[in-house]
Amino acid sequence: MNISKADAIAHLAKWYDAHTEIRLTHTTVIGNLSLVGHISKLTDSAITITGNDCELLLYFRATSEYRYDDNRAIPTEANKERLNKYPTVIGIKFATGDRTEILEFFKE
């Protein structure tokens, strides 16, 4: 479902405040980048995700499109103890065509 930039940032702020471990996947025409870490900085204009020995800074733009989804999946032994059985995904499509997906990360 399409959401506003403010709604996307509000949801990311919940993860930031809770120090939730997240997975970020950034897709471009030349390749993909995947990062597991925490949101170390979040403002109305940018997000910084810090992982082990790495950091990624992305700027939010008014021209970007924002999406909210959840990964509906059949419960398994691995996820039956989770409070949130359906991880939320915040998707961002930039004007350049690059895409970023940020979701809760669960070690399984």
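A short reminder: the numbers here are calculations on the coordinates, not readings from a lab. Note that this is a predicted model, so its numbers are computed, not measured. Note that each Cβ is placed from the backbone with ideal geometry, even for glycine, and that neighbours are counted across all protein chains shown.
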statement: The answer for residue 3, listing residues at least 5 apart or on another chain whose modeled amide H is closer than 5 Å to its amide H, is 66, 67, 68
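At R0 = 22 Å, how high is the FRET efficiency between residue 53 and residue 6 if r is their beta carbon distance? Nearest 0.05 is fine.
FRET efficiency, residue 53 to residue 6: 0.10.
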- prompt: Within a Cβ distance under 13 Å of residue 9, other residues only, what is the Lys/Arg minus Asp/Glu net charge?
  reply: +1
field: Per-residue ³J(HN,Hα) for the stretch 13-27, Karplus 6.51 cos²θ - 1.76 cosθ + 1.60, θ = phi - 60°, Hz, x for Gly and Pro
entry: 5, 4, 5, 4, 5, 8, 6, 5, 6, 10, 10, 10, 10, 10, 10
task: Using amide H atoms built 1.01 Å from N in the peptide plane, name the residues 5+ places from residue 105, or on other chains, whose amide H lies under 5 Å from its own.
output: 21, 22, 23
query: For residue 68 and residue 40 in one chain, what is 0.36 nm times their gap in residues minus the Cα-Cα distance, to one decimal in nm?
result: 8.0 nm
task: Please give the length that would be gained between residue 33 and residue 106 if that part of the chain were fully extended, namely 0.36 nm times their separation in residues minus their C-alpha to C-alpha distance (nm, one decimal).
output: 24.4 nm
